[in-house]
1. If I measure Cβ to Cβ between cysteines in the chain, which ones have no partner under 4.7 Å?
2. Could you give the alpha-carbon Rg of the chain over 2.2 N^0.38 Å, rounded to two decimals?
3. Using protein chains only and a probe of 1.4 angstrom, how many square angstrom of Asp334 are accessible, to the nearest 10?
4. Considering only C-alpha atoms, what is the centroid distance from region 60-84 to region 1-33, in Å?
5. Between Asp325 and Leu22, with labels modelled 7 Å along Cα→Cβ, what's the label distance in nm to one decimal, could you check?
Amino acid sequence: MQERLKELQEEAIQKVEQTDSLKELNDIRVAYLGKKGPITEVLRGMGKLSAEERPIMGALANEVREAISNKIEAKQNELEEAAVNEKLASETIDVTLPGRPVRVGNHHPLTRIIEEIEDLFIGMGYRVVEGPEVEQDYYNFEALNLPKGHPARDMQDSFYITEEILMRTHTSPVQARTMEKHDGKGPIKIICPGKVYRRDNDDATHSHQFMQIEGLVVGENIRMSDLKGTLEVFAKKMFGEDRDIRLRPSFFPFTEPSVEMDISCKICHGHGCSVCKQTGWIEILGAGMVHPNVLEMAGYDSKKYTGFAFGMGPERIAMLKYGIDDIRHFYTNDVRFLKQFSKHE
Ligand code: PHE
């Protein structure tokens, strides 16, 4: 019996040493130490032994069990550790490999200019208001002192959808709409960015669809000097403190008097060069005092209320600010163009 136990011990230990699978190890455990295993069987035969032999055999059987079980445990630890190491080795990351570049998008240059202009005017207490691009003839023209048949309608060749509905040709209808909503009361201080449409042939300086930003201030005692001061602050913030502005008389049916604003040329500072076509000045926007007819049509008492309005093209401003030579660049979405305005590259 003693020998049988020793034999079993050796046999089991050998098997444990030979295996390198956790599953097999478990099978060995069940086979040798389980209830139906040979050691249990040997112990079952203990009844036949004498009273002196029994404790010696019992002790030996326990020793054998323990030896096998310790061996299995050690092997199990060893195999588990090896498995973990193997997993770690197969999952190592080579941190020296060059990374894949992550492409980061950026705001469209026009969006940036518009947001910059918005921020500037919000800082001066203006609200941003939007209006529809598909507009009624009434707001696009009539309410702006351009009755049907008015010759100045030809200045803005329009896409008509029906006789009374068109794609707005400027952002000025948002003025008319906003004033109408205020029920003849002041004050109003708004800017209105948005898309406008004209039947122009696309070239370096024309696009059938472009952006405008409209400004409108209505209140008591709003004067031409307020307009001039506002535009001067805008021009200097946008283009640099060293730039001058000048207002030239102009004509818009919805403002009286009307002006066009120029800024001094960045290159020659007013002396004349090829960029400003030898004039020293570059035209930036149209503006004027809101025409009394426009105020009255929107329900304002033009004796009590006055106002000023201005309209500018963000494309033109972006072109001057960034030195862009063709308006079509804004709309063709060439990544080589767009990524020049990225903050990331
Ligand atoms: N709406 C005019 C245009 O598109 C610009 C403008 C706006 C002029 C407001 C004066 C006042 O040409």
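1. Those would be Cys192, since no other cysteine Cβ in the chain comes under 4.7 Å of theirs.
2. 2.16
3. We get 50 Å² for Asp334.
4. Cα centres, region 60-84 to region 1-33: 10 Å.
5. Placing both labels 7 Å beyond Cα along the Cβ direction yields 7.0 nm.
The values are calculated or read from the model by the stated rules, or taken from the named source; none is laboratory data. Small disclaimer: the values here were computed from a predicted structure and weren't measured. Heads up, the Cβs are rebuilt from the backbone with ideal geometry, glycines too, and the neighbour counts pull from every protein chain shown. The accessibility values were calculated without ligands, DNA or RNA, using every heavy atom of the protein model including side chains. Shrake-Rupley method; radii C 1.70, N 1.55, O 1.52, S 1.80 Å.
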